[in-house]
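Below: the structure, in structure tokens.
The values are calculated or read from the model by the stated rules, or taken from the named source; none is laboratory data. Computed from a prediction, not measured in an experiment: that's the story for all the values here. Here the Cβ is made from the backbone with ideal geometry for all residues, glycine too, and neighbour counts use every protein chain on show.
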Amino acid sequence: MNTSTAIAFIGGGNMASAVIGGLRANGRPASDLLVVEPHAEQRARLAQEHGVQALESAGPELARAGTVVWAVKPQLFKAAAAPCAPHVSAALHLSVMAGIRSDALVAATGSTRVVRSMPNTPALIGEGISGLYARAEVTPAERGAIEQLLAPTGRTVWVEHEADLDAVTAVSGSGPAYVFYFIEAMIEAAQAMGLSAEQGKQLALATFAGATELARRSTEPPEVLRERVTSKGGTTYAALTAMEAGGIKPAFVKAMQAAQQRAQQLGDEFGS
């Protein structure tokens, strides 16, 4: 077991950059961080913005890392893992890759201490949420270390079964796109009713932000909050009645189930 505080990132894209930026902002020294990133432009940016060591390819330097963060595209994982494997078997491993199952990480790295994470894009501004699953070999202290590592990206939720990450993917991993979709619809409706696109955007964004914060702070469930702004025969009632008639809620549930099924398929394709 490698107890070093050094962290190696395999892949230096947006999610890795978000984590690295948060760690540096919270006082983690650049000397503790190492990135393997094949693209020269991205390596230069990481070195310039965060002062970290950025390597074109994996090598013996990885052996000093107590934690390895996997942040490459799923289809590139096997190729990326091969040169890393001789140096990382003693490390704790955190994957932010969609679809790569923990068994595949164990087989590729030689370490059974693996945590999988499903983040979402608001992590880039510190407002994300990540679903986390840990194999049995991961200690409570290591779970805590992973939570601290991801803290700069937002909140975390642990799930008991690895398959639950497919549901997390459907709910929160893909979730920002659903929100953006509804914001688009609200802007389109605002324009159809005579407002400008900018006015519609301001109203939609403020409404989503305010309603979400109200729901977060309230001890009451969302359905109660909805009922409180829905007077029978009023404007909100008319809108929700139209949505119910159009089958919006069951269609939305079906869409999320489709996302879950696709996550399972990706796991079958890339995760074995």
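Descriptive notes on the structure:
- Pick from the range 131-161, criterion in contact (Cβ under 8 Å) with a residue 40 or more places away in the chain and touching a helix residue (DSSP H, G or I) at 6+ places or on another chain (Cβ under 6 Å), ranking: farthest from Gly175 (Cα to Cα): Pro152
- The range 132-157: number of residues that are among the basic types (Lys, Arg) and exposed (fewer than 13 other Cβ atoms within 10 Å of the Cβ): 0
- Subset of the range 39-63 [exposed (fewer than 15 other Cβ atoms within 10 Å of the Cβ) and on the phi < 0 side of the Ramachandran plot]: His39, Ala40, Glu41, Ala44, Gln48, Glu49, Glu56, Ser57, Gly59, Pro60, Glu61
- Identification of helices (runs of 4 or more DSSP H) wholly contained in the range 1-106 with 3 or more residues that are over 22 Å from the mean Cα position of the chain (by Cα) yields 40-50, 77-84.
- Residues located in the range 18-48, provided they are touching a residue at least 40 places away in the same chain (Cβ under 8 Å) and of a type in the set (S, T, N, Q): Asn26
- Within the range 88-108, the set of residues being buried (at least 24 other Cβ atoms within 10 Å of the Cβ) and either touching a His at 6+ places or on another chain (Cβ under 6 Å) or closer than 19 Å to Met1 by Cα (or both) comprises Val88, Ala91, Leu92, His93, Leu94, Ser95, Leu105.
- For the range 16-38, the tally of residues that are in contact with a strand residue (DSSP E or B) (Cβ under 9 Å, 6 or more places away or on another chain) and within 17 Å of Ile146 (Cβ to Cβ) stands at 8.
- Filtered residues of the range 71-87 (kept if among the aliphatic types (A, V, I, L, M) and surrounded by 14 or more Cβ atoms within 10 Å (Cβ to Cβ)): Ala71, Val72, Leu76, Ala80, Ala81, Ala85
- Residue that is nearest to the chain's Cα centre (by Cα), among those in the range 114-150 that are small (Gly, Ala, Ser) and in a helix (DSSP H, G or I): Ala123
- Among (1) closer than 21 Å to Glu162 by Cβ; (2) modelled with pLDDT under 95 - the single one Arg113 does not satisfy: (2)
- Sole exception among (1) surrounded by 14 or more Cβ atoms within 10 Å (Cβ to Cβ); (2) without any contact (Cβ under 8 Å) to a residue 40 or more places away in the chain; (3) not assigned by TED's automatic domain parsing to the domain that holds Gly22 for Ala170, by number: (2)
- The test for being more than 18 Å from Ile183 (Cα to Cα), without any contact (Cβ under 8 Å) to a residue 40 or more places away in the chain and not acidic (Asp, Glu) does not hold for Thr207.
- Of the criteria (1) of a type in the set (Val, Ile, Thr); (2) surrounded by fewer than 20 Cβ atoms within 10 Å (Cβ to Cβ); (3) under 24 Å from Phe252 (Cα atoms), which one Ile129 fails: (2)
- Extreme residue, nearest to Glu127 (Cα to Cα), among residues of the range 215-228 that are touching a helix residue (DSSP H, G or I) at 6+ places or on another chain (Cβ under 7 Å) and exposed (fewer than 13 other Cβ atoms within 10 Å of the Cβ): Ser218
- One residue from Thr156, Thr207, Thr241, Thr212 being modelled with pLDDT of 95 or more and over 30 Å from Leu124 (Cβ atoms): Thr241
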